[in-house]
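J.: Following this message is one structure expressed as structure tokens.
The values are calculated or read from the model by the stated rules, or taken from the named source; none is laboratory data. Keep in mind the model is a prediction, meaning the values are calculated, not measured. Glycine gets a Cβ as well: all are built from the backbone with ideal geometry, and neighbour counts include every protein chain shown. SASA here: full protein model, heavy atoms, side chains in, ligands and nucleic acids out. Shrake-Rupley method; radii C 1.70, N 1.55, O 1.52, S 1.80 Å.
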Amino acid sequence: MLKQNNSFLTKETQKIEDRLDLSEITIRHGVHSYRYGTSNFLSVIFDVLEPKENDIFYDLGSGYGLVLKYASQKFPNVRFKGIEILKERYDFSMKLKAKYPLKNVEFYNCDMFSHDFSDGTIFYLFNPLFGSQYAQLLDRLKAIAVKHQITIVAESKHDVFDAQDWLQNYCTIHEDVLRNIQFFRSTCLQD
Ligand SMILES: C[S@@+](CC[C@H](N)C(=O)[O-])C[C@H]1O[C@@H](n2cnc3c(N)ncnc32)[C@H](O)[C@@H]1O
């Protein structure tokens with residue numbers, strides 16, 4: 001089974017987190033949600049997803065690139081893309097890409113709303129946004145879903161996806177009594 005070298009990566013990413021200054025970041029990039037967290041459930045998430053060769057998987061708000069490191073090594077024939085607004089986190093993900101090397105991953109350092117991710121077929125979101133920003137994201141995702149079916153995996157926050165009549169929840173992973181990870185498929189494909 002593929003495992004992240006968790007203690008090393010956690011120490012390295014924590015050093016960067018410790019140096020981040022929220023006010024300075026906000027002055028630089030504007031008001032966004034800069035909270036950080038990463039999944040402990042990658043093995044089970046990707047067992048459910050089983051991405052195929054023609055899939056393009058996006059981590060929207062890709063942080064340090066840990067999800068894509070895991071997934072790209074496990075599925076070398078699938079294309080993975082990560083979009084991360086904070087340069088400090090993006091730079092670390094680029095180091096991972098060079099070190100291993102992760103040939104089937106592309107990382108982008110920008111605001112997800114300024115990036116065209118319409119080629120995506122699977123979107124993973126570990127609660128990257130403030131509540132008020134999700135409406136804009138849902139509009140973007142729905143515009144993609146009328147052209148080709150998409151899958152959305154929502155970890156930590158999924159109520160905004162539950163509420164969409166064009167998304168069908170097809171799987172739930174229970175993290176603990178309070179939290180779960182939800183898998184959705186779009187149902188609004190137009191001929
Ligand atoms: C909770 S972290 C999850 C990181 C990663 N997906 C993981 O699971 O390891 C959310 C990330 O989204 C980023 N983020 C927030 N708003 C963003 C935006 N508008 N565009 C791109 N990234 C954003 C944050 O900087 C943060 O690194």
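J.: Of these, TYR170, TYR124, TYR134, which one is touching an Asp or Glu at 6+ places or on another chain (Cβ under 8 Å) and either at positive phi or touching a residue at least 12 places away in the same chain (Cβ under 8 Å) (or both)? Step through it out loud before you land on a result.
T.: Numbers: TYR170 fails: touching an Asp or Glu at 6+ places or on another chain (Cβ under 8 Å); TYR134 fails: touching an Asp or Glu at 6+ places or on another chain (Cβ under 8 Å).
One residue alone meets the criteria, TYR124.
J.: Is it the case, given these coordinates, that GLN73 is at pLDDT 95 or above and within 21 Å of LYS99 (Cα to Cα)? Step through it out loud before you land on a result.
T.: On the way: at pLDDT 95 or above: yes; within 21 Å of LYS99 (Cα to Cα): yes.
Criteria met by GLN73.
J.: Of everything in segment 175-189, what is modelled with pLDDT under 95 and more than 17 Å from PHE46 (Cβ to Cβ)? Give them in sequence order. Talk me through it step by step, then tell me what you get.
T.: Residues of segment 175-189 modelled with pLDDT under 95: 175-180, 189.
Residues satisfying the conditions are ASP176, VAL177, LEU178, ARG179, LEU189.
J.: A follow-up question, please. In the list LYS81, LYS95, which residue meets the criterion of being charged (D, E, K, R) and under 16 Å from the mean Cα position of the chain (by Cα)?
T.: Numbers: LYS95 fails: under 16 Å from the mean Cα position of the chain (by Cα).
Going through LYS81, LYS95 in turn, just one is charged (D, E, K, R) and under 16 Å from the mean Cα position of the chain (by Cα): LYS81.
J.: Still on this structure, please answer the following. Here are some residues: THR10, THR26, THR38. Which one is within 9 Å of the ligand (Cβ to nearest atom), among the polar types (S, T, N, Q) and open to solvent by 40 Å² or more (accessible area, probe 1.4 Å)? Break it down into steps so the answer makes sense when it comes.
T.: On the way: THR10 fails: within 9 Å of the ligand (Cβ to nearest atom); THR26 fails: within 9 Å of the ligand (Cβ to nearest atom).
On inspection, the qualifying residue turns out to be THR38.
J.: Under the condition of being of a type in the set (A, V, I, L, M, F, W, C) and away from the ligand (no atom under 15 Å from the Cβ), which residue from segment 55-86 is surrounded by the most Cβ atoms within 10 Å (Cβ to Cβ)? Reasoning before the result, please.
T.: Quick first cut of segment 55-86, residues of a type in the set (A, V, I, L, M, F, W, C) only: 56-57, 60, 66-68, 71, 75, 78, 80, 83, 85-86.
Still in the list and also away from the ligand (no atom under 15 Å from the Cβ): 56, 75, 78.
Details: ILE56: 18, PHE75: 19, VAL78: 22.
Going through the qualifying residues, I end up with VAL78.
J.: Identify the single condition in (1) charged (D, E, K, R); (2) closer than 16 Å to MET112 by Cβ; (3) surrounded by fewer than 15 Cβ atoms within 10 Å (Cβ to Cβ) that ARG140 does not satisfy, given that it satisfies every other one.
T.: All conditions are met except number (3).
J.: How many residues does segment 95-118 hold that are more than 26 Å from ARG140 (Cα to Cα) and either open to solvent by less than 60 Å² (accessible area, probe 1.4 Å) or within 9 Å of the ligand (Cβ to nearest atom) (or both)?
T.: Going residue by residue through segment 95-118, those that are more than 26 Å from ARG140 (Cα to Cα) are 95-103.
With the extra rule that they be either open to solvent by less than 60 Å² (accessible area, probe 1.4 Å) or within 9 Å of the ligand (Cβ to nearest atom) (or both), the set shrinks to 96-97, 102.
Matching residues across segment 95-118 total 3.
J.: Any idea which of ARG89, ARG140 is more than 14 Å from PHE57 (Cβ to Cβ), within 16 Å of the ligand (Cβ to nearest atom), in contact (Cβ under 8 Å) with a residue 40 or more places away in the chain and in a helix (DSSP H, G or I)?
T.: Step by step, each of ARG89, ARG140 is checked, and only ARG89 is more than 14 Å from PHE57 (Cβ to Cβ), within 16 Å of the ligand (Cβ to nearest atom), in contact (Cβ under 8 Å) with a residue 40 or more places away in the chain and in a helix (DSSP H, G or I).
J.: Would you mind telling me which numbered condition in (1) more than 10 Å from the ligand (Cβ to nearest atom); (2) touching a Pro at 6+ places or on another chain (Cβ under 9 Å); (3) assigned to a loop (DSSP other than H, G, I, E, B); (4) not charged (D, E, K, R) GLN164 fails?
T.: Only one criterion in (1) more than 10 Å from the ligand (Cβ to nearest atom); (2) touching a Pro at 6+ places or on another chain (Cβ under 9 Å); (3) assigned to a loop (DSSP other than H, G, I, E, B); (4) not charged (D, E, K, R) is unmet by GLN164, namely (2).
J.: What number goes with the only condition from (1) farther than 29 Å from THR172 by Cα; (2) open to solvent by 50 Å² or more (accessible area, probe 1.4 Å); (3) of a type in the set (Phe, Trp, Tyr) that PHE92 does not pass?
T.: With (1) farther than 29 Å from THR172 by Cα; (2) open to solvent by 50 Å² or more (accessible area, probe 1.4 Å); (3) of a type in the set (Phe, Trp, Tyr) applied to PHE92, the lone miss is (2).
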